[in-house]
Each structure stands twice: as structure tokens, then as C-alpha cells.
Amino acid sequence: MLNVEPDSATNDAPRALSTVPRPRLRAGLALAAATVAAAGLVGATTGSASATPAGDCLWAGTGHAQGTTVTAGGRAFTCATDQLGAPRWLQGAAVRTPSTVASPGALTAPAGNFSAGAQQPGTEYNDYCVGTQLIGGSESVYEVVSDAAGALRWKAAGPIAQWTFTPGTGPAPTTRSAGLCLPDQVILPEPSRFTNQ
């Protein structure tokens, strides 16, 4: 944070601002520059730096400027920001126009591909087990959500019937089998060491 207060509380502060060097201001500027440089290095080493401007919303890896509206799956989505200033897609009304963006489905983790609020039809990537039953990810539409730490993940947002597919296409069925799902572990009470004799 820059500190631009005068070094002394004298009444001739305007003269002091023009003639007295500001070591705290210079130190503050140096600290701010070092912080920005360090943040850039951290972003570069963690792979989070991208060519997309920070305010752009991502859809299938493509950046879209604030205020841009796209259509996908029969819905309009507008690029905006959340309460913390992070890019976010706001879902609008249903539309009867073709999609204007690619919709590959929720094939991988959303980070670096989709911003919060984006929706995609589920895929095998979203498969999960309930006991020994496999629930196919393609049965739902998934939305990108952000957790408290800012990490992005897919969360079921509704049945696949709410997604309008391009004619001739539809949800991709899973190629996985329920054999991947382990049965619920059964825990029996330990037999008593004391039996009736």
C-alpha cells in the first residue's frame, strides 16, 4: 500500500510535499513493484499465467471480454464479475438460436478452460458411484463453481434435458462399467468373548 502522508504534521505541508524527499513513498513504490514482479513469477511457475486478460471470461479455453454475451445449450451467458472481481458467466434467458461458442462438455477440470458460471453437458469425467451403481456424468448439466479458496470445479446444475444439443448430437454415454464401483463396506459387530454356557 502506498503511504503518501507528509512526514511531519506541520502547517506548511504544501511546501513540505514539494521540497522534502519522500523515503516512505519511494519505499512503498519499490515494495509495490516487487510485489507485482513476485506475483508474476509465482503465476509463471505455477502455470496460472495466461495470455487472456484478467477480466475476460473463459469458455472452452477462449477469452471473452466483459459484457460479451454467448449462447450455448439453448441459454444466453453474459461475461461479468463476481463480488470479488473474478470473471463469471451470468446465465440469462433461454434462447432459440444456435450456440455461438464451442461446447465440448465437461471433459476435464474447468481451470484454464471455463470461468465460474459456465455450463456444459456432463461426460465420463463426471461419472461417480453410489454404492455399486455407476451414475453416468452425461445424465446432468454441470456448472463451474468456485470454492472459498477460488479453486474451480464442476457441480451438477440440473438434468441433461435442460441442455439443447445441436441437431444430430446428444449426450455421450459413458464407456465405464459399474465394476469400477466398490460395494459398500459391511462392518459386522465384533463377536462377544462371552458366550452363554
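The values are calculated or read from the model by the stated rules, or taken from the named source; none is laboratory data. What you see is a predicted model; the values in this text were computed from it and never measured. Cβ atoms come from the backbone with ideal geometry, glycine included; neighbour counts cover every protein chain shown. Just the protein is used for accessible areas: all its heavy atoms, side chains included, with ligands, DNA and RNA removed. Shrake-Rupley method; radii C 1.70, N 1.55, O 1.52, S 1.80 Å.
At-a-glance table
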quantity	calculated
Asp56 accessible area, 1.4 Å probe, all protein chains in place, Å² to nearest 10	30
Solvent-accessible area of Arg153 with every protein chain in place, 1.4 Å probe, in Å² to the nearest 10	120
Calculated from backbone phi, Karplus (6.51, -1.76, 1.60) coupling profile of the stretch 131-140 in Hz, x at Gly/Pro	x, 9, 9, 8, 9, x, x, 6, 8, 9
Nearest-10 value in Å² for the accessible area of Leu84, using the 1.4 Å probe	150
Nonlocal amide H pairs with Arg88, under 5 Å, H built at 1.01 Å	Ala80, Thr81, Asp82
Charge sum, other residues only, whose C-beta stays under 12 Å from Cys79's C-beta, Lys/Arg counted +1 and Asp/Glu -1	-1
Kirkwood Rh, angstrom, the stretch 99-146 [1 / mean 1/r, Cα pairs]	11.4
